Amino acid sequence: MATFATAGYQAPPLDGVWATAPYFHNGSVPTLDDVLNSKNRPKLYTRSFRTDATAYDSAKVGWKVTPAKEADPSQPPYERRKIYDTSKPGRSNAGHTYGDHLTDDERKAVIEYLKTL
Ligand code: HEM
């Protein structure tokens with residue numbers, strides 16, 4: 001009988017990762033800088049959802065976000081969807097703390113490398 005147990009979780013390929021923000025399987029992390037600095041990741045936020053240069057953070061590599069209040073349940077779903085709340089089920093941005101120990105300069109160097117993939 002087939003078994004579906006695995007020894008771990010398959011890490012995603014990082015080709016073109018500079019162009020695919022927001023990050024992680026649930027899109028919970030807006031920039032590469034935040035991927036590599038878990039303590040800095042925004043917890044409750046929104047963004048403009050524009051795709052022009054003003055919406056993009058080219059230093060952190062990803063989308064600019066602003067802090068938000070919890071979504072108002074009286075708002076229609078398309079408005080509530082604009083608020084990303086990492087405390088909700090399936091929306092966590094936890095884990096992948098591998099970049100936390102890097103200095104700011106080291107993190108920038110890794111991001112420069114990721115931009116070349
Ligand atoms: C400094 C070293 C590392 C860098 C620069 C790095 C970079 C990244 C980036 C940019 C992503 C986001 C990919 C995306 O959303 O498309 C990612 C996701 C991921 N990485 Fe790493 N990573 C590192 C170390 C590791 C290590 C050591 C592991 C495993 C032990 C790992 C496992 C994963 C997994 C499983 C994901 C997917 C997480 C998710 O989608 O929720 N990474 N990594």
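The values are calculated or read from the model by the stated rules, or taken from the named source; none is laboratory data. As the structure is a computational prediction, the values presented were derived from the model and not from experiment. We place every Cβ from the backbone using ideal geometry, glycine too, and count neighbours over all the protein chains shown. These area figures cover heavy atoms from the full protein model, side chains too; ligands, DNA and RNA do not enter into them. Shrake-Rupley method; radii C 1.70, N 1.55, O 1.52, S 1.80 Å.
Are there chymotrypsin sites (Phe, Trp or Tyr not before Pro) in the stretch 1-94 that DSSP puts in a loop and that have at most 10 other Cβ atoms within 10 Å, and which ones?
Here the sparse-neighbourhood loop sites are Phe4, Tyr9, Phe49.
Percent of accessible area on the chain owned by carbon and sulfur, 1.4 Å probe? All intermediate terms of the calculation are to be shown ahead of the outcome.
Numbers: 4860 of 8320 Å².
Percent of accessible area from carbon and sulfur atoms in the chain: 58.
Report, by chain and number, residues whose modeled amide H sits under 5 Å from the one on Tyr23, excluding near sequence neighbours (fewer than 5 apart, same chain).
Counting only residues 5 or more places away or on other chains, the set is Ser28, Val29, Thr31.
Roughly speaking, what is the centre-to-centre gap between the stretch 94-117 and the stretch 1-79 when only Cα atoms are used, to the nearest Å?
16
Can you run phi through the Karplus equation (6.51, -1.76, 1.60; θ = phi - 60°) for the stretch 93-107 and list ³J(HN,Hα) in whole Hz, with x for Gly and Pro?
My calculation for the stretch 93-107 gives 10, 7, x, 6, 9, 4, x, 5, 7, 6, 6, 4, 5, 5, 4 Hz in order.
Rolling a 1.4 Å sphere over the protein heavy atoms, what is the accessible area per residue of the chain, to the nearest Å²? Mind showing how you got there, number by number?
On the way: 8320 Å² over 117 residues.
Each residue of the chain exposes 71 Å² on average to a 1.4 Å probe.
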